[in-house]
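Okay, so here's the structure we're looking at.
Bear in mind that the values in this text are calculations on the coordinates, not laboratory data. All values derive from a computational prediction rather than experimental measurement. When we count neighbours, we look across all protein chains shown, and the Cβ atoms used for this are built from the backbone with ideal geometry, even at glycine.
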Amino acid sequence: MVPCAKCGFENNEDANFCSRCGSRLVFEDISETTVTYTPTTADEAAGTQTGETASRAAPCLLIRAGGGREGEEISLDSDLLTIGRNPESHLFLDDVTVSRHHARIIRDATGFVVEDLNSLNGTYVNRRRVERQHLSDGDEVQIGKFKLAYLEPLEG
């Protein structure tokens with residue numbers, strides 16, 4: 001029998017996962033797998049997030065996940081950016097969970113605001129569904145399967 005390191009349940013020796021809690025019992029050889037990296041708060045504060053460049057002069061959206069477009073930067077150099085599955089949107093997101101006219105980002109007196117346009121699946125900022133939300137540097141905007149980071153210009 002193999003005890004689970006998480007809950008202590010005794011599992012069969014040929015089990016890969018705990019029958020009680022589902023934790024992994026057999027660990028793979030790390031040389032055979034892709035290692036993932038999750039930035040710490042200190043890394044994020046230091047500006048080591050994917051896609052940030054020293055030359056960024058305008059606010060932008062950085063696609064972090066979704067649709068094979070990771071790393072793509074969308075500059076927010078105008079007062080309006082439409083987002084949706086409509087090919088005529090400024091930011092076309094090809095995903096069935098994205099409404100044709102899903103959301104928009106507008107510039108107001110204090111910065112940029114994301115507004116949901118009564119989409120079916122909603123618009124999320126930092127994993128919270130919103131109708132209208134002012135954006136701050138580092139906010140995560142999720143529309144369908146796409147995760148975008150709002151990034152303000154780098155100073156200096």
Report task. Just order 122-130, 90-98, 67-75, 141-149 by mean Cβ neighbour count inside 10 Å, highest at the front, would you? Result -> 141-149, 90-98, 122-130, 67-75
Query raised in the report: For Asn118 and Leu154, what does the FRET efficiency come to when R0 = 35 Å and r is the distance between their Cβ atoms, rounded to the nearest 0.05?
Result: 0.50
Query raised in the report: Which loop-located GluC sites (Glu not before Pro) does segment 115-156 contain, where loop means any DSSP state but H, G, I, E or B and the Cβ has at most 16 other Cβ atoms within 10 Å?
Result: Glu131, Glu155
